[in-house]
Amino acid sequence: MRPISTFLITFCLGLLFTASAEAAGFNCAKAASADEKIVCGDTQLSHLDDVFNARYGAARKTAPDEDDVVHSARNFLADRRDCGNDRACILSAYLAILWEISPDKSSFMQGISAKSLTGGKQPGTSDIPTKAGQCAATTILAVHPRVESGDAPVTDEDFGNGTGIDYANDGYQVSYNREEMLIRSKPDDPVTQCLVEIDRDCEPDENGRLFLVTNGRTKESWILPDAQHKCGG
């Protein structure tokens, strides 16, 4: 446990927070909420908290709209607080916010895979997870360019406009970028699929979910959303 955990931001979040200061740190010896206690007592979560603090500060300096970064951080703190003492849920909250505010989407993923959420256990279901921190065991159905070319044969250049991946349990992820880890994957590869975020800004029946997936054959892991547009298709 690190003796002092200093969080760079504490926001006023209605009933969740009573402090009005935007930056107010706390001492782990005085951590009050369940999520704070879990973070303070967990080496990996404490490290991710340090990474979050640094990248949040950097993002506020460089973002075209600083309010968007602040809003995302508020959602993160609310998500983490709602996790209570569920470590997998708390880890998911950190992965989601780091994915959102990091220019390099994989730079914080060292040592992190679906096993980080499952504790190394095989998920007992193949159904798409519905709660942050939950995982499912399924297989890859197909990897294809984001913009499919109808009946024309797929070429390597087609992935320059983005990458999509379909799973046997009807799950889906998509990226505007060429995703080499997805392209290296093959149909029928076993994967563990974990939900890391349900976007608070989306309606319950909309997309807006972020998934961490680990390919059991390649051992590679990635985080991607289930829609091309926030809360949309």
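Of note:
- The listed residue being among the acidic types (D, E) and in contact with a Phe, Trp or Tyr (Cβ under 6 Å, 6 or more places away or on another chain), out of D170, D166: D166
- Take the conditions (1) surrounded by fewer than 15 Cβ atoms within 10 Å (Cβ to Cβ); (2) under 23 Å from Q110 (Cα atoms); S185 misses just one of them, which is (1).
- Long-range neighbours under 6 Å by Cβ, at least six apart or interchain, first residue assigned to a loop (DSSP other than H, G, I, E, B) within region 208-231, second surrounded by fewer than 19 Cβ atoms within 10 Å (Cβ to Cβ) and aliphatic (A, V, I, L, M): E220/M181
- All positions within region 103-155 that are surrounded by 15 or more Cβ atoms within 10 Å (Cβ to Cβ) and on the phi > 0 side of the Ramachandran plot: G133
- Residue pairs meeting the criteria (Cβ under 7 Å; at least 6 apart or on separate chains; first farther than 15 Å from I90 by Cα, in region 43-71; second exposed (fewer than 14 other Cβ atoms within 10 Å of the Cβ)): R60/E66
- Residue selected from region 191-230 under the condition closer than 22 Å to D82 by Cα and acidic (D, E), by the criterion most open to solvent (accessible area, probe 1.4 Å): D205
Condition check ((1) modelled with pLDDT of 85 or more; (2) part of a helix (DSSP H, G or I); (3) open to solvent by 30 Å² or more (accessible area, probe 1.4 Å)) across all residues:
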{"residue": "T18", "(1), (2), (3)": "no, no, yes"}
{"residue": "A21", "(1), (2), (3)": "no, no, yes"}
{"residue": "D49", "(1), (2), (3)": "yes, yes, no"}
{"residue": "A54", "(1), (2), (3)": "yes, yes, yes"}
{"residue": "A73", "(1), (2), (3)": "yes, yes, no"}
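The values are calculated or read from the model by the stated rules, or taken from the named source; none is laboratory data. Note that this is a predicted model, so its numbers are computed, not measured. Every residue, glycine among them, receives a Cβ derived from its backbone with ideal geometry; neighbour counts consider all protein chains shown. Side chains are part of the model used for accessible areas, which takes the heavy atoms of the whole protein and leaves out ligands, DNA and RNA. Shrake-Rupley method; radii C 1.70, N 1.55, O 1.52, S 1.80 Å.
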